[in-house]
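*Asks:* I'd like to ask you about the structure that follows.
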Amino acid sequence: MAKKQFKAESKRLLELMINSIYTNKEIFLRELISNASDALDKRHYLSLTDHDHKVAKKDLTITIIRDAENRQLTIEDTGIGMSAEEMEKNLGTIARSGSAEFVAQMEKAAKNIDIIGQFGVGFYSAFMVAKKITVESRSATGDQAFRWVSSGQDGYTITEMDKDKIGTRIILDLKDDTDDEHYSEFLEEYRIRDLVKKYSDYVRWPINMEVTKSVPDPTDENATIDTVETETLNSMIPIWKKNKSKIKDEEYNEFYKTKFADWEDPAKVIHYNIEGNISYTALMYIPSKAPSDFYYQTYESGLQLYTKGVFIMDKAKDLLPDHFRFVRGLVDSDDLNLNISREILQQDRQVKALAKSIEKKIQAALEDMLKNEREKYEKFFDEFGLNLKYGIYKDFGLHKDQLQDLLMFRSSSEGKYVTLKEYADSMKDGQKVIYYACGKSLDEINKLPAMEKIRDKEYDVLCFLHDIDEFCVQMLREYDGKQFQSITTADLDLDSEGEKKAKEEKTEENKDLLGALKDSLGDKVKEVRISSRLKDDPVCIVAAEGPSLDMERYMANEQNAMFGTVKANKILEINPDHAIFGKLQEVYREHPEQLDDFADVLFQQALLIQGLPIEDPVSYTKKITEMMIRTK
Ligand code: ADP
């Protein structure tokens with residue numbers, strides 16, 4: 001029979017599994033049981049919501065069968081099962097969004113074999129211990145059963161088979177024992193019992209296995225005989241229903257990693273139980289790292305929803321506000337109807353109340369982290385801060401009051417993160433507004449001409465390193481009664497009375513020169529004027545009212561071309577104390593025909609310093625070269 005081939009990515013993952021020298025191979029059992037448990041959840045739900053698929057709860061089980069003679073370990077469930085297409089799709093390709101990332105990580109760090117265990121790579125991890133895997137399955141919604149067989153990389157086959165019971169049976173032909181690896185240990189009763197206790201105790205379906213027990217021999221008082229009975233190995237209490245004080249950190253983390261397919265411990269666990277108008281238990285996690293697709297459209301957020309312990313749906317979006325969409329976890333409420341659908345979820349009053357309550361708890365957890373675990377919070381902010389900023393911008397700023405105190409920006413003076421409150425509290429006497437500057441790095445911002453004067457005053461500036469930042473403060477408008485102001489706006493108002501007067505005089509003296517420069521530049525600028533903000537730099541550009549320079553820069557970026565172009569109303573400022581100013585006066589007096597070139601070059605330079613594109617780089621460089629040649 002023709003073998004089907006695995007997709008390239010799956011093949012690589014398989015290869016990693018088959019050749020793995022990872023010592024913690026035991027986790028394969030946790031992964032298979034977790035899949036079985038999910039399948040049972042789905043069948044249970046179907047049974048409760050569809051009369052045609054009724055099944056007694058007691059018939060929903062996981063069974064582990066050890067067959068030492070044939071070196072086979074079987075994990076069987078009476079869950080939802082798979083059709084041939086589902087086998088093809090689910091077992092032939094990597095389903096987990098994290099798996100591709102895992103492969104990349106593994107290949108990067110060939111020696112870092114530890115991450116297999118942290119990650120949990122699902123079904124494929126069984127290839128660490130099995131040389132052949134057979135999956136026999138019958139879907140609850142079909143009438144034909146199928147057998148999927150694979151010995152690894154060379155592909156798999158799918159054939160029809162007879163199987164009465166709905167559900168899935170996974171048969172592992174264990175690898176041969178070697179000096180280092182005793183795969184046959186996975187056929188030992190005590191070993192499986194320990195593994196189930198260690199990793200799968202909380203699974204809410206019985207994990208049954210035949211065990212041997214010694215019982216008194218009825219015919220001989222002093223003797224015992226061995227009998228075989230079926231025992232449920234797990235306590236079946238879901239972790240979120242356990243008493244918080246009895247749960248160890250490792251247990252929380254282990255559960256998170258298996259359930260949500262992450263390979264890093266979460267940054268924070270939020271676990272609580274609420275009794276009230278709507279009673280529920282929530283177990284939520286803030287991940288340490290943003291998934292690689294987090295900032296893409298394809299990322300699906302949401303919490304798992306359980307009602308009275310019955311799994312209802314995965315990724316219920318309406319339970320999480322968008323600004324907290326990084327949270328993963330589950331909610332179990334006794335007050336919701338089992339038949340709740342995604343559509344109803346959107347409108348249901350109780351669900352809205354539930355979502356509000358969840359949001360408050362997440363908010364409180366973040367505030368607590370910011371207050372008491374600063375370092376952790378900063379790491380969190382590096383990963384998910386952008387999402388909070390989008391949250392402020394979204395819905396016309398509806399959530400700004402709630403979210404503004406969770407924001408942080410880098411401070412220009414120290415480079416460290418500061419919150420808006422910290423900034424506002426440490427503002428200098430006489431400082432009226434909150435200054436910000438946009439740029440790609442702290443260094444770039446600190447080199448902006450407009451920073452000089454600000455530094456002299458010892459004012460701090462918030463560094464906006466992301467495009468969204470400026471949009472975000474435009475939405476905020478002010479914080480604690482203080483307005484936000486870009487340091488590249490026209491009227492910074494930092495001058496003393498004396499400075500103002502000196503500037504007026506200089507402007508009056510050089511009225512004709514400034515007018516000539518403006519005429520030369522035409523529409524490119526609104527005004528050419530004397531600057532009082534520059535110290536070492538010759539020129540700078542600031543924006544009059546209207547769009548800011550940073551907005552222009554953002555829109556000039558190709559990706560944002562769809563928004564059209566936006567031009568700031570530019571003002572060219574010249575430093576009257578810079579040597580170039582004397583030169584300009586001289587050129588204007590003695591070689592007015594050269595003034596156009598000077599005006600143009602200075603203007604282009606100012607654009608460059610500001611990080612704005614110049615119109616014609618070729619003619620610009622040509623002019624510079626000609627000027628150099630003319631220099632005596
Ligand atoms: P994940 O569980 O993260 O999706 P896996 O590789 O472990 O990744 O499994 C892939 C998919 O195969 C599952 O999502 C599920 O659809 C299907 N699957 C695996 N085991 C079973 C099972 N015992 N019963 C039904 N479906 C299963």
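The values are calculated or read from the model by the stated rules, or taken from the named source; none is laboratory data. In this text the structure is predicted, and so the values were computed from the model without any measurement. Glycine also receives a Cβ, built like all others from the backbone with ideal geometry; neighbour counts cover every protein chain displayed. Heavy atoms of the whole protein, side chains included, go into the accessibility calculation; ligands, DNA and RNA do not. Shrake-Rupley method; radii C 1.70, N 1.55, O 1.52, S 1.80 Å.
*Asks:* Can you tell me which condition ARG630 does not meet? The list is (1) touching a Gly at 6+ places or on another chain (Cβ under 8 Å); (2) over 22 Å from ILE454 (Cβ atoms); (3) among the basic types (Lys, Arg), and all the others hold.
*Replies:* In the conditions (1) touching a Gly at 6+ places or on another chain (Cβ under 8 Å); (2) over 22 Å from ILE454 (Cβ atoms); (3) among the basic types (Lys, Arg), ARG630 misses (1) alone.
*Asks:* Please work out which residue is farthest from the ligand (Cβ to nearest atom), limiting yourself to region 72-84 and to residues that are more than 16 Å from LYS165 (Cβ to Cβ) and surrounded by fewer than 19 Cβ atoms within 10 Å (Cβ to Cβ). Show your work before the answer.
*Replies:* Initially, region 72-84 is screened for residues more than 16 Å from LYS165 (Cβ to Cβ), giving 72-73, 84.
Now narrow it down to the ones that are surrounded by fewer than 19 Cβ atoms within 10 Å (Cβ to Cβ): 72, 84.
Numbers: GLN72: 17, ALA84: 13 Å.
If we take residues in region 72-84 being more than 16 Å from LYS165 (Cβ to Cβ) and surrounded by fewer than 19 Cβ atoms within 10 Å (Cβ to Cβ), then GLN72 is farthest from the ligand (Cβ to nearest atom).
*Asks:* Could you list all residues from region 391-441 that are part of a helix (DSSP H, G or I), buried (at least 18 other Cβ atoms within 10 Å of the Cβ) and polar (S, T, N, Q)?
*Replies:* Passing the criteria: only GLN404.
*Asks:* Can you tell me which residues in region 305-339 are among the aliphatic types (A, V, I, L, M), at pLDDT below 90 and not in a loop (DSSP other than H, G, I, E, B)?
*Replies:* Of region 305-339, the ones among the aliphatic types (A, V, I, L, M) are 305, 310, 312-313, 316, 319-320, 327, 330-331, 336, 338.
Okay, now just the ones that are also at pLDDT below 90, so 310, 312-313, 336, 338.
Scanning region 305-339 gives VAL310, ILE312, MET313.
*Asks:* For ALA145, work out the one condition from (1) modelled with pLDDT of 95 or more; (2) closer than 18 Å to ASN90 by Cα; (3) within 16 Å of the ligand (Cβ to nearest atom); (4) open to solvent by 20 Å² or more (accessible area, probe 1.4 Å) it doesn't fulfil.
*Replies:* Among (1) modelled with pLDDT of 95 or more; (2) closer than 18 Å to ASN90 by Cα; (3) within 16 Å of the ligand (Cβ to nearest atom); (4) open to solvent by 20 Å² or more (accessible area, probe 1.4 Å), ALA145 violates only (4).
*Asks:* Okay, moving on. Looking at region 303-332, which of its residues are buried (at least 22 other Cβ atoms within 10 Å of the Cβ) and over 18 Å from the mean Cα position of the chain (by Cα)?
*Replies:* Scanning region 303-332 gives LEU305, TYR306, ILE312, VAL331, ASP332.
*Asks:* When you scan region 41-64, do you find a residue that is assigned to a helix (DSSP H, G or I) and closer than 18 Å to LEU172 by Cβ, even just one?
*Replies:* no
*Asks:* Shifting gears a bit: With (1) open to solvent by 20 Å² or more (accessible area, probe 1.4 Å); (2) free of Cβ contacts under 8 Å to residues at least 60 places away in the same chain as the list, and LYS289 as the residue in question, which single condition is left unmet?
*Replies:* (2)
*Asks:* If you take just the helices (runs of 4 or more DSSP H) that sit entirely in region 462-564, which of them hold at least 3 residues that are open to solvent by less than 30 Å² (accessible area, probe 1.4 Å) and not aliphatic (A, V, I, L, M)?
*Replies:* Fully inside region 462-564 and qualifying: 467-476.
*Asks:* Give ASP616, ASP596 a once-over and let me know the one that is over 28 Å from ALA502 (Cβ atoms) and touching a residue at least 12 places away in the same chain (Cβ under 8 Å).
*Replies:* Every option except ASP596 fails the conditions.
*Asks:* Let me ask something additional. Among the residues that make up region 4-25, is at least one of them part of a strand (DSSP E or B), over 26 Å from THR63 (Cα atoms), over 29 Å from the mean Cα position of the chain (by Cα) and more than 10 Å from the ligand (Cβ to nearest atom)? Lay out the reasoning, then the answer.
*Replies:* Filtering region 4-25 for residues part of a strand (DSSP E or B) gives 4.
When the remaining residues are screened for being over 26 Å from THR63 (Cα atoms), the result is 4.
Then keep just the ones that are over 29 Å from the mean Cα position of the chain (by Cα); that gives 4.
When the remaining residues are screened for being more than 10 Å from the ligand (Cβ to nearest atom), the result is 4.
The answer is yes; a qualifying residue exists.
*Asks:* Does GLU31 count as assigned to a helix (DSSP H, G or I), of a type in the set (D, E, K, R), at pLDDT below 95 and within 20 Å of ILE237 (Cα to Cα)?
*Replies:* yes
*Asks:* If you don't mind, another one. Working only within region 55-71, note down all residues that are touching a helix residue (DSSP H, G or I) at 6+ places or on another chain (Cβ under 8 Å) and open to solvent by 40 Å² or more (accessible area, probe 1.4 Å).
*Replies:* LYS57, ARG66, ASP67, ALA68, ARG71, listed by residue number.
*Asks:* Sort out which residues of region 187-224 are touching a residue at least 12 places away in the same chain (Cβ under 8 Å), over 30 Å from GLY309 (Cα atoms) and either surrounded by fewer than 11 Cβ atoms within 10 Å (Cβ to Cβ) or in contact with a helix residue (DSSP H, G or I) (Cβ under 7 Å, 6 or more places away or on another chain) (or both), and write them in order of number.
*Replies:* THR212, SER214, VAL215
*Asks:* Taking region 128-142 as the search range and keeping residues that are in a strand (DSSP E or B) and under 21 Å from GLU31 (Cβ atoms), which one is farthest from the ligand (Cβ to nearest atom)?
*Replies:* My answer is LYS131.
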